[in-house]
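Structure first, then comments.
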Amino acid sequence: MAQEIVDRLLNELVAKLERAYGPALQSVILYGSAATGEWHPGYSDLNVMAVLDRVGADELDRAEKIFHWWRGQGNPSPLLMSADEVRRSTDCFPIEFHDMAERRRILYGADPIAGLEIDDRYYRAQVEHELRAKLLRLRQKAGGVLHDARLLLRLMLDSVSTFVVLGRHALRLAGRPAPWSKHAVVERLRQDLGVPGEAFDALLRIREGAEKGRPAEARALFEKYLSEISLLADAVDRLEERGGNENA
């Protein structure tokens, strides 16, 4: 049932983009959890990139109503890029382009990622930056909900997927197996990078409905969660001392 809802929303989005851009629309692709089979209603987003001939004020004007509708479905606005930007931006967004290169679903038009050469010069730095920036943001948000166990638990559930995805990239940078299953990623982090992963695993099980969230234990879980994220960021930092990306 969930997949039917996802497919219906994606088909409607593509139809709206086709009407808005006509022949200027080159491609639409789905990436992220929905393209890997790990999409969970209520927690996961539908991440979409649309490739146009160009992206200027007029194209953004045509996107306004579409984006407003799409955000109303609980998803982030689609990425709009020109074909030239896609080719020139791989050094700025290696995380995103590696994810797209390995797992994507073509919703419309040509495949903009096939044959794309990804520049990994700043890959390690981007992974560490994302980990540390998102950890800072997590602390900021937690500061406002620390005494509300249900909101604290929700904050962790909303963020854990992002940190596990970044953990997969940390494994990739370290030259280790980097599976797509989030639980498999956590196990590899435990084995290869010394991140215990107990909080990550617990939060993933709650998201999946395999375990019930216990607000009374949220504070202790949050303490473990912060520690595991910090250990992961430190592990990525140490990769620079060892020479950075072994996959480059």
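Within the chain, the whole DSSP H helices whose Cα atoms reach 30 Å or more along their own axis and whose mean Kyte-Doolittle score is at least -1.0 are 149-173, 218-241.
Plainly put, the stretch 2-109 has a radius of gyration that is 0.94 times its Kirkwood radius, both from alpha-carbon atoms, as the Rg/Rh ratio. Sorting 184-192, 128-136, 69-77 by their mean Cβ neighbour count within 10 Å, with the most densely packed peptide first, gives 184-192, 128-136, 69-77. Between Phe67 and Glu211, residue separation times 0.36 nm minus the direct Cα-Cα distance comes to 48.4 nm.
Working from label points 7 Å from Cα in the Cα-to-Cβ sense, the Arg150 to Ile106 distance is 4.7 nm. Restricting attention to the chain, lysine pairs at least eight places apart or on different chains and with alpha-carbon atoms under 27 angstrom apart total 10.
Tell me the Kirkwood radius of the stretch 123-241: reciprocal of the mean inverse pair distance over distinct alpha-carbon atoms, in Å. Hydrodynamic radius (Kirkwood, Cα only) of the stretch 123-241 equals 14.3 Å. Taking the dipole about the Cα centre of the chain, with the C-beta of Lys and Arg at +1 and of Asp and Glu at -1, give me whichever of Met49, Ala174, Met156 is farthest to the positive side. Toward the positive end, the furthest listed residue is Met156.
In units of the rule-of-thumb radius 2.2 N^0.38 Å, the chain shows an alpha carbon radius of gyration of 1.06. Just want to confirm a number: the relative contact order over the chain, from Cα pairs under 8 angstrom separated by 6+ residues, in percent. The value is 18 percent. Label the stretch 95-153 by shape, choosing from rounded, prolate and oblate, from the square roots a ≥ b ≥ c of the eigenvalues of the Cα gyration tensor; if a/c is under 1.5 it is rounded, and otherwise prolate applies when a/b is larger than b/c, oblate when it is not. It comes out oblate by the Cα gyration axes.
Values in this text are rule-based calculations from the coordinates and carry no lab data. What you are looking at is a predicted structure, and each value in this text was computed from that prediction instead of being measured. Please note: Cβ atoms are built from the backbone with ideal geometry, for glycine as well, and neighbour counts cover all protein chains shown.
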